């Protein structure tokens with residue numbers, strides 16, 4: 001099958017959505033499908049066309065940006081040419097270009113499947129409000145023209161302001177999560193980068209430094225946690241400098257983080273095995289997201305694959321990994337005290353854990369549910385059914 005995949009960002013840009021798309025593309029390719037990606041040339045230094053792990057990637061030039069979203073006049077023209085030879089169009093939403101792409105697909109008699117990742121909620125401001133309205137309209141048009149819509153959980157779909165209008169088309173497909181087993185060298189590299197001391201308790205947070213991630217609540221929770229565990233530190237892995245659309249948020253947090261001194265450290269982006277070593281070094285990880293821009297949080301499953309429990313917020317979709325596995329705590333959103341209490345509860349439980357006591361869910365069980373191959377099998381079935 002020849003699958004044309006369109007999305008706003010793709011690798012090397014790092015986010016949950018880009019990792020999702022990359023993992024599914026590779027897995028579909030391994031099954032014998034031909035996968036072509038069309039995305040933004042978000043960094044002018046990137047080539048306009050290349051092959052990444054066997055996947056053809058075409059990038060449209062960015063004319064300008066509205067908040068986080070690149071505007072690409074050449075995207076539709078590029079996709080029109082590539083659609084001619086495709087059997088199926090796969091759109092990743094939210095996406096400003098989605099409406100035009102879905103309309104073109106229909107005009108060419110192609111089947112269209114969309115993966116809806118999240119409702120878009122941009123920061124306040126007139127321009128952001130207009131961008132939010134425009135993308136939401138595009139998503140509605142794309143959803144209405146899609147033959148089927150995949151999303152991470154029915155829990156999220158039933159609460160989504162957009163998806164609940166199209167529930168008859170919705171299929172639940174868990175996102176792909178994978179962990180590369182770290183070596184001793186990977187552990188040593190993380191210990192050196194983070195300056196981890198033997199007696200420290202590491203609280204991990206893996207995300208972009210973005211307003212919807214609720215980073216300020218972890219900042220406020222840390223001093224509360226340190227009243228019981230003075231040796232607790234937060235290690236933050238992910239993009240934290242020059243994140244598109246989040247410059248003012250970073251400026252707001254900077255003085256708060258500075259007050260924490262060595263108790264908070266940014267590690268930036270890590271390679272896959274180093275990321276696994278980082279997760280395995282944590283006593284607990286946190287995902288204190290605030291709104292429906294977060295629909296699941298693959299990092300929760302990645303943390304659990306390393307045997308590390310998660311504290312997360314009670315949001316549709318986001319609460320499902322802990323509900324499914326029992327590995328962690330679910331808290332109200334926007335509460336530093338609740339976050340601190342839950343982290344303390346997890347740390348106390350781990351301290352009293354009996355040697356040899358089995359985890360609530362095994363790594364084999366998680367792999368069966370969330371492996372990229374398993375996810376690709378579900379997409380293959382969905383695509384075949386659509387065709």
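Does the range 259-288 hold any residues that are touching a strand residue (DSSP E or B) at 6+ places or on another chain (Cβ under 9 Å) and exposed (fewer than 15 other Cβ atoms within 10 Å of the Cβ), and which are they? Correct list: 262, 268, 269. Residues that are in contact with a strand residue (DSSP E or B) (Cβ under 9 Å, 6 or more places away or on another chain), free of Cβ contacts under 8 Å to residues at least 60 places away in the same chain and under 30 Å from residue 289 (Cα atoms): does the range 75-93 have at least one? Yes, the range 75-93 has at least one match.
For the range 139-148, the count of residues that are assigned to a loop (DSSP other than H, G, I, E, B) and within 19 Å of residue 381 (Cα to Cα) is at least one. Just one of the listed residues (38, 51) is within 21 Å of residue 106 (Cβ to Cβ) and without any contact (Cβ under 8 Å) to a residue 60 or more places away in the chain, namely 38. Report those helices (runs of 4 or more DSSP H) wholly inside the range 268-385 carrying at least 3 residues which are within 15 Å of the chain's Cα centre (by Cα). Correct list: 298-305. In the range 61-138, counting only strands (runs of 3 or more DSSP E) that sit wholly within it, the ones holding 2 or more residues that are assigned by TED's automatic domain parsing to the domain that holds residue 161 and at pLDDT 90 or above span 88-93, 111-116. The set of residues in the range 195-240 that are crowded, with 21+ Cβ neighbours inside 10 Å, farther than 14 Å from residue 286 by Cα and more than 20 Å from the chain's Cα centre (by Cα) is empty.
When residue 43 is tested against (1) within 21 Å of the chain's Cα centre (by Cα); (2) over 16 Å from residue 81 (Cα atoms); (3) buried (at least 18 other Cβ atoms within 10 Å of the Cβ), exactly one condition is not met: (3).
If only one of 23, 106, 41, 59 is over 21 Å from residue 374 (Cα atoms) and out of contact with any strand residue (DSSP E or B) (no Cβ under 6 Å at 6 or more places or on another chain), which one is it? Can you show your working first?
Numbers: 23 fails: over 21 Å from residue 374 (Cα atoms); 41 fails: out of contact with any strand residue (DSSP E or B) (no Cβ under 6 Å at 6 or more places or on another chain); 59 fails: out of contact with any strand residue (DSSP E or B) (no Cβ under 6 Å at 6 or more places or on another chain).
Result of the check over 23, 106, 41, 59: 106.
Please work out if residue 156 is without any contact (Cβ under 8 Å) to a residue 40 or more places away in the chain, buried (at least 16 other Cβ atoms within 10 Å of the Cβ) and not assigned by TED's automatic domain parsing to the domain that holds residue 233. So residue 156 fails the test. In the set (1) touching a helix residue (DSSP H, G or I) at 6+ places or on another chain (Cβ under 9 Å); (2) under 17 Å from residue 345 (Cβ atoms), residue 276 fails one condition alone, (2).
Against the list (1) more than 20 Å from residue 138 (Cβ to Cβ); (2) at pLDDT below 95, the condition residue 2 fails is (2).
The values are calculated or read from the model by the stated rules, or taken from the named source; none is laboratory data. These numbers come from a predicted model, not from an experiment. Methodologically, a virtual Cβ is constructed for each residue, glycine included, from the backbone with ideal geometry; neighbour enumeration extends over all protein chains shown.
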